[in-house]
Amino acid sequence: MKAVLGLALGVLTAIGGFVDIGDLVTSSVVGSRFGLTLVWVIVVGVVGICLFAQMSGRVAAVSGRATFEIIRERLGARVGFANLAASFLINLMTLTAEVGGIALSLQLASGLQPVLWIPVAAIAVWLVIWRVKFSVLENVTGLLGLALVVFAVAVFLLHPDWAALGSQLALRPPPQSSESAVTYWYFAIALFGSAMTPYEVFFFSSGAIEEHWTPKDLGQSRVNVLVGFPLGGLLSISIAVTAAVVLLPQMIAVTSLSQVLLPVAQAGGTIAVIIALLGFVAATFGAALETTLSSGYSLAQYFGWSWGKFRRPAQAARFHLTMIIGLLIGLGVLLTGADPVQITEYSVVFSAIALPLTYLPILIVANDHEYMGDRVNGRLTNLLGLVFLVIILIASIAAIPLMILSAAGS
Amino acid sequence: MTAPLPRPPRVPGRILDARLHLLDRQVLDVDGEPVTTVDDLELGDLQFGERPRSAAPTITALISGPILTTRLFGGRAPRGRLGRIGWEVVAGIDIVLTLGIPGGGLEVSWFEGWLGEHVIGRIPGGRHDPD
Amino acid sequence: MIRAPRSVRRRWLACGLVAAACFATAGCSPVYSPSGQLAQSASDASAQTQTAALTLHLVATQQLPAPAAQTALSDATDKLAQDASALTSADVSGHLAAARGRILSRLRTGQDLLIQARALVGGQAGPGATDAVVQRLQATAKALTALEKQLQASG
C-alpha cells in the first residue's frame, strides 16, 4: 500500500511539475496563432525529454554521480566548460523568466503591479531552497501544479468543434491563421525548446543524488517519467487547445499571461480562474526552484565543490552562494522592467539552440561501461537517442536563421 | 603481413593514463566529501612550467585552481594562486580520487571554508542540520 | 594576446558569413519592410482591442474576477501604447503614411475605449453598461484587421 502511494505521489508530482512558464506561454501562443497544427511538436518534445530524463536518472542511480560531474571527467574540461557556459546562461535566463512568471501570476490574482511581487517572489524562492527539505519542495509544488488540469477540463466545457480541431491536428491550417511557413517552423523550434528544457535533466539527475537513489529506485523513476511526463505534456496540449478554441477565432494572438487565462474564464467562470491561478503560481514557483537549484548544481558539479540540499548550507557554501547570486541577477533584470513573457519567448528558443550541447554528453555517459557497469543503454534507447540527436541538431542550427527571418515570430 | 606488436613488460602496480584517469577527476576526502576537481598535476624534479627532459617524471601533487582559463585559452598561471594536494595523501584511485585526510585543512579548501564561516554560516539557518 | 589557430578563425568567418547572409535575406523579407511593420502593429493593436472586448464581456457575465480583468486590461493598454509608439516612429511616406494615419486613429479610439473599460471594471458594472463598449471595441478590432489586410495585399 505504501509502495502504491509512493508511486502515485511520484507520478502526480511529475505531471504537476512538468509545466513551467515556457510551456504556459508558448503553448498558448501557438494555439492562438496556429491552432493545433503544432501539437505534434509537443508530442515529439515529450518523447525526447522522457528519453533523456530516463537516461540521466539511470546514470545517477547506478553510478551515484550526477550528470554534470561525469561530463567534465568523461569529455574533458573544454567540452565540459562549453556545456557549462551554455547551460548556466540559459538556466539564468529561464530562472529570470520563471520568477517573472510568479510575479505575473500573483498580479493576476491580486491586481497589484508585478514590480511589487518580483522581490517577494525572489525572496520566497530563496527561502524555500534555504530551509525546505528537497522532497517536500518537490512534492508540494508538483501536487499543487496539478491544478492546471483545469485547462483540460476547460477544453470539454467549451464544447469545441471536434471535427475542426481534428483537421488542425492533421496539419490543415485553420482559416483564421495567416502565418508564414518561416514563422511556423520558428514556433515549432520554440515549442520544442519549451518541452525539452535542458535544466530538467540536470535537475532530475541531481535530484536522484539528493534523494539517495539506488538501482532499486529505477523502477519508480521509470514510471514517474513514462507516465508522468506524457500526462504533463497533455496539460501543455490542453493549454494550446483552449487558446485555439477561444482566442484563435477572435484573432487574439497571445502576448501576455493574462490572455492565457481568458479561455478558462469563458469555460468555467471565476472558480476555474482561481484554480488556474493556483496552477500558474505552483508551476512557476516549482520551476523557479528547479532552475535555481540547477544553476547551483551545474556550477558546483563542474568545479568539484560540495553541493546538495542534503548538506548543511555552511558545508556547501559555494553552492548556496551561486544560487543567491543567480537569484539576485534575475531579480535585477526583472526590476529593470523587462517583460517576463518576452524573456520566456527568448529563453525557450535559446534552450533549443543549446540542446545539442546539453544532451549529447548524457547520451555518451549513459553508454559508458566505467560508470554504468552493465546497465548501459540498450539498442532501442541508443537508436532513439541518435534520432533525437539529429532532430536536436537540426532545431539548434535552424533556430537563429529562423529567428532573424521571422523577426522572432512577430 | 605485418609483425604483431610487442607486448608491454608486466610491471607491479597499476598503469594509469594521467589524462584519462587523473585529470578532471573529482577528489573526495576521507569522509566522502567533495574537495575539488583535479585541474593539473605537479611532476617531481621538474619546476612548474618546464617541459620534461628524459627519464619519466613522478607525480608529486595534484593541482587545483584557476588553471582552467589557461587550459582553455593558453598561457601560464602564476604558481602562487594554485592549490596543491600532495600526492602522499591520495588514498584511492577509482572513478573518483579519494584522499586519506579530511578536506578541511587543505590549501584548496580555504575559500569554501572561509565562505562557510563568514558568509553562509552567518545567514540564519546556515549551520542547521538539513532535516 | 593569444591567436586562435587557423581552423578556429575559419569557423568564425563561416559563422559570420552565414549571419550576414541571414541579415541580407531578412532585409528582403516582408516582415522587415515598412508596410510589413505597419501591418504588424495594426495586427497587434487589433488583438489587444479584441482582448479588451473579451475581457469586458467576461467581467459583465461575472466569469472573470476583477483583479485578473484589471491585469488583462492593463496589459492591453501597455501593448497598445507600444504599438502607437512603433507606428509614430515608423519611417514611412506617401500612401503608407496615409495608411499609418488611419491605423493610428483607430488605435486612439481603442485606447479611449480601454480607459472606459477599466473604469467599468473598477465600478462593477453589469451587462447593460458594458455591452456598448464591448461592441465598439470589437468594431475597432475589426477595422484594424481590415487595415492590416489592406496593407498586406498592397505592400
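Out of C:Leu120, C:Leu104, C:Leu54, report the one residue that is part of a helix (DSSP H, G or I) and in contact (Cβ under 8 Å) with a residue 60 or more places away in the chain.
Residue meeting the stated conditions: C:Leu120.
Answer with yes or no whether A:Tyr199 is of a type outside the set (A, V, I, L, M), crowded, with 21+ Cβ neighbours inside 10 Å and touching a Gly at 6+ places or on another chain (Cβ under 6 Å).
no
Within the stretch A:252-280, can you find the residues that are at the interface with chain C (Cβ under 8 Å from one of its Cβ atoms), outside any helix (DSSP H, G or I) and not hydroxyl-bearing (Ser, Thr, Tyr)?
A:Ile252, A:Ala253 - these are the residues of the stretch A:252-280 that are at the interface with chain C (Cβ under 8 Å from one of its Cβ atoms), outside any helix (DSSP H, G or I) and not hydroxyl-bearing (Ser, Thr, Tyr).
Would you call A:Arg72 assigned to a helix (DSSP H, G or I) and touching a Gly at 6+ places or on another chain (Cβ under 9 Å)?
yes
Give the residue, chosen from C:Leu54, C:Leu73, that is farther than 23 Å from A:Ser177 by Cα, modelled with pLDDT of 95 or more, surrounded by 14 or more Cβ atoms within 10 Å (Cβ to Cβ) and at the interface with chain A (Cβ under 10 Å from one of its Cβ atoms).
C:Leu73
Just wondering, is there one or more residues in the stretch C:104-119 that are basic (Lys, Arg), more than 26 Å from A:Leu277 (Cα to Cα) and surrounded by fewer than 18 Cβ atoms within 10 Å (Cβ to Cβ)?
Within the stretch C:104-119, one or more residues are basic (Lys, Arg), more than 26 Å from A:Leu277 (Cα to Cα) and surrounded by fewer than 18 Cβ atoms within 10 Å (Cβ to Cβ).
Please work out if A:Ile90 is in contact with a Pro (Cβ under 9 Å, 6 or more places away or on another chain) and within 12 Å of chain B (Cβ to nearest Cβ).
no
Would you confirm whether or not the stretch A:281-295 contains a residue that is surrounded by fewer than 24 Cβ atoms within 10 Å (Cβ to Cβ), within 14 Å of chain B (Cβ to nearest Cβ), among the hydrophobic types (A, V, I, L, M, F, W, C) and in a helix (DSSP H, G or I)?
no
Give, as residue ranges, the helices (runs of 4 or more DSSP H) completely inside the stretch A:79-169 that count at least 2 residues that are in contact with an Asp or Glu (Cβ under 7 Å, 6 or more places away or on another chain).
Because the criterion is at least 2 residues that are in contact with an Asp or Glu (Cβ under 7 Å, 6 or more places away or on another chain), the helices (runs of 4 or more DSSP H) in the stretch A:79-169 that meet it are A:134-145.
Is the stretch C:7-19 home to any residue that is within 9 Å of another protein chain (Cβ to nearest Cβ) and at pLDDT below 90?
The answer is yes, given that some residue of the stretch C:7-19 is within 9 Å of another protein chain (Cβ to nearest Cβ) and at pLDDT below 90.
Residue pairs, Cβ under 6 Å, 6 or more apart or interchain, first in the stretch B:2-25 and farther than 20 Å from B:Leu68 by Cβ and more than 14 Å from chain A (Cβ to nearest Cβ), second at pLDDT 80 or above and surrounded by 10 or more Cβ atoms within 10 Å (Cβ to Cβ). List them.
Hits for this filter: zero, empty list.
Counting only residues that are among the aliphatic types (A, V, I, L, M) and in contact with a Ser or Thr (Cβ under 7 Å, 6 or more places away or on another chain), which one in the stretch A:58-69 is surrounded by the fewest Cβ atoms within 10 Å (Cβ to Cβ)?
A:Ala61
Being in contact with a Gly (Cβ under 9 Å, 6 or more places away or on another chain) and closer than 15 Å to A:Leu146 by Cα is the filter here, so list the residues in the stretch A:250-277 that pass it.
Those that are in contact with a Gly (Cβ under 9 Å, 6 or more places away or on another chain) and closer than 15 Å to A:Leu146 by Cα: A:Ile275, A:Ala276.
Over 16 Å from A:Phe203 (Cβ atoms), more than 14 Å from chain B (Cβ to nearest Cβ) and assigned to a helix (DSSP H, G or I): which single residue out of A:Leu235, A:Leu328 fits that description?
Answer to the selection: A:Leu235.
Given the structure, is B:Glu88 at pLDDT 85 or above, in a helix (DSSP H, G or I) and within 12 Å of chain A (Cβ to nearest Cβ)?
no
The values are calculated or read from the model by the stated rules, or taken from the named source; none is laboratory data. This structure is a prediction, so every number in the text was calculated from the model and none was measured. Here the Cβ is made from the backbone with ideal geometry for all residues, glycine too, and neighbour counts use every protein chain on show.
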